[in-house]
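Taking it in order: structure first as structure tokens, then the write-up.
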Amino acid sequence: MNGFLKYLSNKKQDLTILEGRVLDFIIQSPDSIINTNISDVAKATFVSTATISRTCKKLGFGGFVELKYALIQSEGKYNYSPNQILSTNSAIEYLHQVQSDLQSNESHIYSIDYGHIIRMLKNSRRIELFGIGRSYSTCQEAARKLSFAGCLANARSDWDELRSISGYLKENDLAILISLSGETIQILNIASILSSKNIPTLAIIGTKNSSLGEIVTNNIELNIRPVRYKNIDMSSNFIFSILFDILSMKYLEME
């Protein structure tokens, strides 16, 4: 049992009997949690989805999706380079890291074929953005800016709703998938569903040669090094935000 699961097991004393049953399932079958949805977990544990959501919150998470994301991290389901560990001079090192990331991606950001992407946006009936955990906040911000620029863009927080939406998208829609690693299991599953339906896809990925990049029809691969300080993942998606700022401005320029 890894340290994260041991941490969860210590929370059992704070749970009811039914919530304890959910926690036992999480600890015994973390991969099942990662690869399924809340309804399937409810069936497997013979409890309601409300009980599962309540259990997740008592364990310190915002909900089932956030628990999934934490499990993915703890189980090592990533395929990008080892984290840079910040030392006691963390603030200075972190600023240097941010500057380095921006400089290493600057030329690539300039070389992107924005005209092609803008045409994709303009030709789409609607745009759905998919991201989990930290990437969801990027999706939310991007949807807001693209909407102000004139696109019909949505970013949804409920993962079960996202899976449902992926099944309803049409060939005149556009799905934008955001992932720092390009290896997030849920995002890969969504990308596979979209690919099987011939839905146009654009992935914004923080690493090169990822599994996600091989599934989607279009991708922008950046080079964002993951950073940790003690037990906290300090990796930043700020370059993704900059990219969507530029896309929004380019979209307005082509009006």
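Grab the beta carbon distance between residue 209 and residue 39, set R0 = 30 Å, and tell me the FRET efficiency rounded to 0.05.
Values: r = 34 Å, r/R0 = 1.15.
Result of the calculation: an efficiency of 0.30.
With everything on Cα atoms, drop me the angle between helix 238-253 and the longest principal axis of the chain, reported from 0 to 90° to the nearest 10.
Once rounded, one gets 40 degrees.
Taking the alpha-carbon distance from residue 197 and a cut-off under 14 Å, which aspartates and glutamates remain once sequence neighbours fewer than 8 residues away in the same chain are dropped?
171, 173
If you wrap a convex hull around the alpha carbons of the range 1-69, what volume per residue comes out, as a whole number of Å³? Could you put the intermediate results ahead of the total?
On the way: hull volume 5.1 nm³, N = 69.
So the per-residue hull volume is 74 Å³.
Report the full-extension gain for the segment residue 234 to residue 148: residue separation times 0.36 nm, less the Cα-Cα distance, to one decimal in nm.
28.0 nm
By what distance, in whole Å, do the Cα atoms of the range 86-229 stretch along each of the three principal axes, largest value first?
Rounded to whole Å, the extents work out to 50, 32, 29 Å.
Of 143, 203, 44, which is the most mobile in a GNM of the chain whose springs link Cα atoms less than 10 angstrom apart?
Between 143, 203, 44, it is 44 that shows the largest mean-square fluctuation.
Can you give the FRET efficiency to the nearest 0.05 for residue 16 and residue 253, using r as the Cβ-Cβ distance and R₀ = 45 Å? Intermediate values should be presented prior to the final figure.
On the way: r = 57 Å, r/R0 = 1.26.
Using R0 = 45 Å, I get an efficiency of 0.20.
From the square roots a ≥ b ≥ c of the eigenvalues of the alpha-carbon gyration tensor of the range 148-255, which class results: rounded (a/c under 1.5), prolate (a/b over b/c), or oblate? Could the numbers behind the result be given before it?
Numbers: a/c = 1.69, a/b = 1.17, b/c = 1.44.
Oblate shape, in that a/c is at least 1.5 and b/c is the bigger or equal ratio.
Relative to the longest principal axis of the C-alpha atoms of the chain, give the angle of the C-alpha long axis of helix 64-74, reported between 0 and 90° and rounded to the nearest 10°.
Orientation of helix 64-74: about 90 degrees from the principal axis.
Given 25 °C and 0.890 mPa s, compute D for the range 149-191 with the Stokes-Einstein relation, Rh being the Kirkwood radius over Cα pairs; round to the nearest whole µm²/s. Present the calculation step by step, with values, prior to reporting the outcome.
Working: Rh = 11.7 Å.
Diffusion coefficient, whole number: 210 µm²/s.
Gain in length, residue 193 to residue 112, computed as 0.36 nm per residue apart minus the alpha-carbon separation, to one decimal in nm?
Once the chain is fully extended between residue 193 and residue 112, it gains 26.5 nm.
Loop-only trypsin sites (Lys or Arg not before Pro) in the range 83-159, please: DSSP not H, G, I, E or B, and at most 11 other Cβ atoms within 10 Å.
Working: sites: 119, 122, 125, 126, 134, 144, 145, 156; in loops: 125, 126, 156.
Taking the range 83-159 and a limit of 11 other Cβ atoms within 10 Å, the loop trypsin sites (Lys or Arg not before Pro) found are 125.
Net charge near residue 46, counting Lys/Arg +1 and Asp/Glu -1 over other residues with Cβ under 15 Å of its Cβ?
On the way: positive: 21, 43; negative: 19, 24, 40.
Cβ neighbours under 15 Å give a net charge of -1.
Compute the acute angle (0 to 90°) between the alpha-carbon long axis of helix 134-149 and the principal axis of greatest extent of the alpha-carbon atoms of the chain; round to the nearest 10°.
40
On a straight-distance basis, which lysines could pair with residue 57 in a cross-link, Cα separation under 27 angstrom, same-chain partners fewer than 8 positions away excluded?
Correct list for residue 57: 6, 11, 12, 43, 68, 77, 230.
Between residue 170 and residue 6, what is the spin-label point distance in nm, taking each point 7 Å from the Cα along the Cα→C-beta axis?
That separation, rounded to one decimal, is 5.5 nm.
If you filter the range 110-197 for GluC sites (Glu not before Pro), then keep DSSP loop positions with at most 11 other Cβ within 10 Å, what is left? All intermediate terms of the calculation are to be shown ahead of the outcome.
On the way: sites: 128, 141, 161, 171, 183; in loops: 171, 183.
The qualifying sites are 171.
Just to confirm my numbers, what's the Cα centroid distance between the range 1-39 and the range 130-176 in Å?
For the range 1-39 versus the range 130-176, the Cα centre distance is 29 Å.
In a Gaussian network model over the chain where Cα atoms closer than 10 Å are linked, find which of 97, 28, 13 has the largest mean-square fluctuation.
Its mean-square fluctuation being the largest, the pick is 13.
Which lysines have a Cα lying under 26 Å from the Cα of residue 250, excluding residues fewer than 8 positions away in the same chain?
Residue 250 reaches 122, 145, 170, 208.
Among 194, 23, 174, which one moves the most in a GNM of the chain with springs linking Cα atoms closer than 10 Å?
So, out of 194, 23, 174, the one fluctuating most is 23.
Evaluate Rg over Rh across the chain, taking Cα atoms for both radii and Kirkwood's formula for Rh. Please report the intermediate quantities before stating the final value.
Working: Rg = 19.3 Å, Rh = 19.4 Å.
Over the Cα atoms of the chain, Rg/Rh equals 0.99.
Ignoring ligands, DNA and RNA, please state the percent of accessible area on the chain from carbon and sulfur, probe 1.4 Å.
Working: 6200 of 12330 Å².
Within the chain, the accessible surface is 50 percent carbon and sulfur.
The values are calculated or read from the model by the stated rules, or taken from the named source; none is laboratory data. On a predicted model such as this, the values are computed, not experimentally measured, just so you know. Every residue, glycine among them, receives a Cβ derived from its backbone with ideal geometry; neighbour counts consider all protein chains shown. In case anyone asks, the SASA skips ligands and DNA or RNA and just uses the protein heavy atoms, side chains included. Shrake-Rupley method; radii C 1.70, N 1.55, O 1.52, S 1.80 Å.
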